[in-house]
1. Of the residues Arg122, Arg148, which is assigned to a helix (DSSP H, G or I), in contact with a strand residue (DSSP E or B) (Cβ under 9 Å, 6 or more places away or on another chain) and among the basic types (Lys, Arg)?
2. Residue under question is Glu107, and the condition is that it be outside any loop (DSSP other than H, G, I, E, B), open to solvent by less than 30 Å² (accessible area, probe 1.4 Å) and touching a Gly at 6+ places or on another chain (Cβ under 9 Å); does it hold?
3. Quickly run through the stretch 21-30 and pick out the residues that are open to solvent by 10 Å² or more (accessible area, probe 1.4 Å) and in contact (Cβ under 8 Å) with a residue 24 or more places away in the chain.
4. Test Ser187 against the criterion of being out of contact with any Asp or Glu (no Cβ under 6 Å at 6 or more places or on another chain), among the polar types (S, T, N, Q), modelled with pLDDT of 85 or more and assigned to a helix (DSSP H, G or I), and give yes or no.
Amino acid sequence: MRSPVIQFGPPRTGSTVVWNALRAILPGQDIPKRHDLSFLHLSPFCRSRIVCTVRNPLDIIVSMLGVSELEPTPEAVTGKILELEHHGLGNVLSIRQRPGTLFLRYEDFYGNFDYLFDELTRFLKVEIGDEERNRFNEEFHVESVRKRAENLGDFGNFDPGDHIHGRHISRYSGRPGYHSEVLDRDSAIRIRERFASFMAAFDYLPDAGRSE
């Protein structure tokens, strides 16, 4: 509640890289990283700025399956749908019109850290130098993160400094749209139907011409 900036996003939405970008821009500041928001965070009394990450729910689900080492069976997909519903997706819609909130689509900042820093510095009205940007680009390039994640082993292991987990990067390298190589048609339809409001709000409809 007292933090000037909160990083919030459902699991597997790129929240870790965005949180680390915020730390680079605002060194020394305490920046909470959350996958859901409390009643107080959702109230008008919370004056914190919120940086919220979003991603296509179909890709979120397959990413969640991957870190749990689960095959995309109907039962496993149902379990991850329920998990996602209870970890932040509803909160995202609740703050859709909230002042002082920046929404970042995973598909827009994936592999484009210049876009990420431009959006964050504009929102926070701060600057960051080219040297810091270049250092971040090297440290958080997908292959650099993959190497660190492999050394950590299981997903339950993580680096307390940058919050990189074991198995943080899938064999698909987290690229947008890879759900089409994992999910069958019925599972994809179920996810779209379950999260139709969210997908419409953030332009993830199949006819939107965006990553799908």
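1. Among Arg122, Arg148, only Arg122 is assigned to a helix (DSSP H, G or I), in contact with a strand residue (DSSP E or B) (Cβ under 9 Å, 6 or more places away or on another chain) and among the basic types (Lys, Arg).
2. yes
3. Ala24, Ile25, Leu26, Gln29, Asp30
4. yes
The values are calculated or read from the model by the stated rules, or taken from the named source; none is laboratory data. All of these numbers come straight from a predicted model, not from anything done at the bench. As a convention, Cβ positions derive from the backbone with ideal geometry for all residues, glycine included, and neighbour counts pool all protein chains shown. For accessibility, only protein heavy atoms count, side chains too; no ligands or nucleic acids. Shrake-Rupley method; radii C 1.70, N 1.55, O 1.52, S 1.80 Å.
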